[in-house]
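Presented below is the structure to which this report refers.
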Amino acid sequence: MRATETQATQAPQAAAWLTRYFLILAGLGLFGLLVLAPYAAWWLHASGDAAVERAVAAQGSGRFALFGSGVSQDFVDYKLRLYAAIKPDIAAVGSSRVMQFRGAWFRKPFCNMGGVAGNLAVLRSTVDAMLRIHKPGAVILGLDFWWFLPQWEAEPFKEVPPTSGSYNYGFSSLKKPWQWLLEGKISPRELAAPLLGLFGAGFREDRFGIMAQQTDDGFGPDGSWYATAEATGQKLPLDFQFRDTLAQVAQGSKAFYRARPGQDGPSEAHLDAFAEIWCRLRSRGVKTFVFIAPLSPRVLEAMRKTPGAWPHLFRLREALASRGIDALDCTDAAGFASGDCEFIDGFHGGEVSYARILRRMADRWPALLPYVDMEKLDAVISGWAGHVIVPDSRLTPLPETDFMRLGCPKRTPGDVPPGSEAGAPRKDRP
Amino acid sequence: MLFSSYSFLFCFLPLTLAAWQLAARAAAQPAQALGWLLLALSLVFYAFWGPGFLVLLLGLIVMNHAFGTALAAPQQEGAGKRRLTRKSLLALALACNLLPLLWFKYAGFLTDCAARLCGADWSFTPAGLPLGISFYTFIQIAWLVAVYRRETAPEGLAAHALFTSCFAWVISGPIVRYGQMGPQLGALAGLRAENLAQGFTLFTLGLGKKVLLADSIGAYADAVFNAAARGIWPSTLEAWLGSLAYTFQLYFDFSGYTDMALGLGLMLGLRLPENFASPYKATGIVDFWRRWHITLGAWLRDFLYIPLGGNRRGRPRQYANLFLTMLIGGAWHGAGWTFIVWGALHGTMLSVNHFFRACTRGTLAERLLGAAPGRLVCVAFTFFCINLCWVVFRAPNLDTALTIYTAMAGAGPDVWPPLMAPDAGAGLEGFLARLDPAAPGSLMAALLPNRFFSGWLPFALLAVCGVIVWCCPNSQEVVFGRKEGAGPRVRWRPTTGWAAALALLGFAALVLASRETVFLYFQF
């Protein structure tokens, strides 16, 4: 009897409590919609994370501005907008492995479209999208050897949308600032930056996106990528001492898939697909220069131990030549005097490494000479050998560090150039 | 669908509660109707993980029900062979349950081990790991043994399917027994305000623990362990902070999941068994295993330790049994040497703890350790041991674990920082400059050189975790009171203050709930 009475008194209390709980929750939800969400929208706008149009306008006007968004890493849409703004005479197209060509090395307007092509089908659709916007005089095409493996991409002639990675700012974007605060990715001061901006202490005007604001990581006005955070030691390298890449090589995983038994070279269908893209460009009068992107010497050395596993790399140049495509094979970085110290990771060369590649391309193909500023290239190569980035006061005052701890000698701006030993790690350190 | 996903929170849960109330009011026989409804909802919930997984689960349910029915057949008097047949049948049933678990979870690992032994280039990757297979396999094994022992009798196939696949425990436990849940599932009733209030309280506390604490602190643990796996040496302080971060991450992840599961059950009128009772307050490893994953500990005790002989055959055999049980318990958590080493470490610690208890029983040492200061020392030492063991549990491989252990021991390269920063200046400014992690050469920069822990947030999170773990009652105590009947100082009441606090916690968790994380125990 007593239990029943207790239940009878508890039930209304519990019901009333539930009502209060959900009413307060609904009130907080309303507060979120009316206060937190609008502030987040303001924050994203002020930080430049949701400001792809403003970033392109600033970069297109010739200002040195960086675009490094934390909301989205899909940037095809951004690159095409930048391309439309620059209307370049020469462009570099490919995966992230062409993102280190700088506009400063060219005599004519240049746009780096690196990062827009992850395979041949996307490369075709992006090239088509570019040509619809504007026809450049010349294009540099960077090839990844894994594009020529059916395991990477089964249908190289497949039609794909040109901007599959457009920026989409949805409801989830509005949670990002609060999420980043809780994760410690941004500080309370950074969260309050739009308010501080009212007093002149907010975000930097020439940086768009939280990555660019925090560490000067992002795309420059020419579309090339600045890996400032890693190079200056603000962020730990993802591929420390190339271990991740070497593990991929050892396991035959990710981009380092091994050829199947019977595959003794690049796939014929994939070669045809690339030849068709190449012909599209040439037939429209676009001078096309093709290179095979480099690997760090350590990684290449590991791959050379089992060359039969990667015939689609080691026979790529001659396979392209058999289709009449003259490609510069830059797989071996030592071949153009580059070394591990000039690599961001196992298969991404740094700025100096790419200056060397461009120099070599210009030496080989006179048709490229009118576009290239050889003096600037030579200054970069001779002054900053062994480095990943070339110091630029507009970018960061921080010097490059031996971020991979390979024993690479690095110098600060103003130091005496280190000389010929800079390209290779010192032997006396682990 | 995770319990902390928007699809569950804003769609599945409200629809479940609404359908529950409608069915309870409309049905002539509410218990039966609600049973069918719960089964349907559970199958839908499980199907979200993959229809193939659901087919496997259903197949195992049907198979086990058939085995259970055969095991429950009346025994003919004087038929000695019949008993043998029942035993064989049970052995066959257990083998049929363990085979899928072995195949999906351990085949790749065993192939890899065999390949290393033979120097061959074999590799095998099973087609995905069915979610919750470790849990529902153990649940069904317990049921089969209970049927065999005639402690329970099989009911219909639907009842067995509901007991096995109920969405509150199918993915990640607790490992329920039929004796606990069967009667409750047979007497399902409509929603009750008291149950809903307490259920939402538990669920909100669990959601907050998972989203605000476990996921946040886990980012720091990931930074240290992932870097170590890439060959980057953490400093001594970073290694300790990383291990502590994981120790708290696992605690709040598991505790949060358990609270949510118990809360969900309570909303539907089901009282799930306790699975988590302030384990870091344990005064020894024996005590720890009575507080951490209680239902798994009980399962291992009842179906491994006791059948192996338990403590009935002398102390050396008892310690060997403990070691073996924990070794298998470690392997249950995952197919890898790290889990086996973790199990071995716990088996060793349990044996040592039992040995120590036996040696000190009735002595002054026992009385001293039983006093408040002694208990404090025991709690601290137990936590220290558990924290060390979690390192190998979290590490992706033994090399990484060794890296972290070496750094924790202060034996890694460049782990000892200079005691004082050079040229930092005197006075308060100099002191603050030494503590500024962003200032090159400062003491903090030397102690935390890899920037895994920057700013005050990781330290604040660790402090909050520590306070909740050691200074607060656990969620069960907050909602239901302590076992001995005493009410903790922080006790849930149907007051506006509690409604506001929980709503605020729930709101913060809901805002941040969509981060891409999983419950750690899903992978075990």
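The values are calculated or read from the model by the stated rules, or taken from the named source; none is laboratory data. Predicted model only: the values in this text are computed from it and were never measured. As a convention, Cβ positions derive from the backbone with ideal geometry for all residues, glycine included, and neighbour counts pool all protein chains shown. Just the protein is used for accessible areas: all its heavy atoms, side chains included, with ligands, DNA and RNA removed. Shrake-Rupley method; radii C 1.70, N 1.55, O 1.52, S 1.80 Å.
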I'd like to check one number: the per residue accessible area of chain A, probe 1.4 Å, reported in Å² as a whole number. 42
Just the Cα atoms of the range A:300-388: what Rg and Dmax do they give in Å? 14.5, 41
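For the range B:452-490, which chymotrypsin sites (Phe, Trp or Tyr not before Pro) pass both filters: DSSP loop (anything but H, G, I, E, B) and at most 10 other C-beta atoms within 10 Å?
Details: sites: B:F452, B:F453, B:W456, B:F459, B:W470, B:F480; in loops: B:F452, B:F453, B:W456.
Those that pass, being in a loop and sparsely packed, number zero.
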Would you calculate the separation in nanometres between label points at B:F355 and A:L196, each defined as 7 Å from the Cα along the Cα-to-beta-carbon direction? 5.8
Can you give the average number of partner chain beta-carbon atoms within 10 Å of each beta-carbon in peptide B:499-510, as a whole number? 5
Among A:W147, A:W384, A:W178, residue whose mean-square fluctuation peaks in a GNM of chain A (springs only between Cα atoms under 10 Å): A:W178
Which of the aspartates and glutamates could be linked to B:K281 by a straight reach, that is with a Cα gap under 19 Å, when you skip same-chain ones fewer than 8 residues away? B:D253, B:D259, B:E366, B:E477, B:E484
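Treat every Asp and Glu Cβ in the range B:31-138 as -1 and every Lys and Arg Cβ as +1, leave all other atoms uncharged, and give the resulting dipole magnitude about the Cα centre to the nearest 20 debye.
Working: 7 positive and 3 negative charges, 93 e Å.
Using Cβ point charges on Lys, Arg, Asp and Glu, the range B:31-138 gives about 440 debye.
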Eligible lysines near A:K135 by straight Cα distance, threshold 19 Å, same-chain separation 8 or greater: A:K79, A:K87, A:K108, A:K287
Vicinal HN-Hα couplings computed from phi for the range B:150-166 (Karplus, 6.51 cos²θ - 1.76 cosθ + 1.60; Hz; Gly/Pro x): 6, 7, 9, 10, x, 9, x, 4, 5, 5, 5, 5, 5, 4, 7, 10, 4
From the phi angles alone, apply the Karplus equation (6.51, -1.76, 1.60; θ = phi - 60°) to the range B:60-74 and give each ³J(HN,Hα) in whole Hz, x where the residue is Gly or Pro. 5, 5, 4, 4, 5, 5, 5, 4, x, 4, 5, 5, 7, 4, x
Once amide H atoms are built 1.01 Å from N in the peptide plane, which residues 5 or more positions from A:V139, or in another chain, come under 5 Å H to H? A:A91, A:K287, A:T288, A:F289
What 222 nm value per residue comes from the helices of chain A, counting each DSSP H run with n ≥ 4 as -39,500 (n - 2.57) and dividing by all residues, nearest 500 deg cm²/dmol? -11500 deg cm²/dmol
For chain B, what does the accessible surface come to per residue with a 1.4 Å probe? Please give it in Å². 43
Amide H partners (placed H, <5 Å) of A:F208, local residues excluded: A:L66, A:F67, A:G68
For the B:L56, B:I328 Cβ pair and Förster radius 25 Å, calculated FRET efficiency rounded to 0.05 is 0.65
Enumerate the calculated ³J(HN,Hα) couplings along the range A:365-380 in order (Karplus 6.51 cos²θ - 1.76 cosθ + 1.60, θ = phi - 60°), each rounded to whole Hz, writing x wherever the residue is Gly or Pro. 10, x, 5, 8, 4, x, 8, 9, 8, 5, 5, 5, 4, 4, 5, 5
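Return the average number of partner chain Cβ atoms within 10 angstrom of each residue Cβ along peptide A:239-248. Numbers along the way, then the final one.
Values: counts 1, 5, 3, 1, 4, 3, 0, 0, 2, 0.
Counting Cβ atoms of other protein chains within 10 Å of each residue's Cβ and averaging gives 2.
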Using modelled backbone amide H atoms (1.01 Å from N, in-plane), which distant-in-sequence or interchain residues come within less than 5 Å of A:L328's amide H? A:V290, A:F291, A:I292
Dipole check, the range A:180-248, charges on Cβ (K,R +1; D,E -1), about Cα centroid: among A:S224, A:P237, A:L181 the Cα furthest to the positive pole belongs to A:L181
Charge-dipole axis of chain B as Lys and Arg at +1 and Asp and Glu at -1 on Cβ define it, positive-most pick from B:V511, B:A189, B:F135: B:A189
Net charge dipole size for chain B [Lys, Arg +1 and Asp, Glu -1 on Cβ; Debye, nearest 20]: 1980
Based on Cβ point charges of +1 for Lys and Arg and -1 for Asp and Glu, what charge dipole magnitude is obtained for the range A:279-402 about its Cα centre, in debye rounded to the nearest 20? 800
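Applying a 10 Å radius around every beta-carbon, put B:165-173, B:354-362 in order of their mean neighbour count, most first. Intermediate results must be reported in sequence, preceding the final value.
Working: B:165-173: 25.0, B:354-362: 12.2.
So the peptides B:165-173, B:354-362, ranked by packing, come out B:165-173, B:354-362.
Over the whole of A:19-29, what's the average partner chain Cβ count within 10 Å per residue? Rounded to a whole number, please. Working shown, then result.
Values: counts 2, 9, 14, 4, 2, 9, 11, 2, 3, 8, 4.
For peptide A:19-29, the averaged partner shielding equals 6.
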Efficiency of FRET from Cβ geometry, B:F124 and A:F157, R₀ 51 Å, rounded to 0.05: 0.90
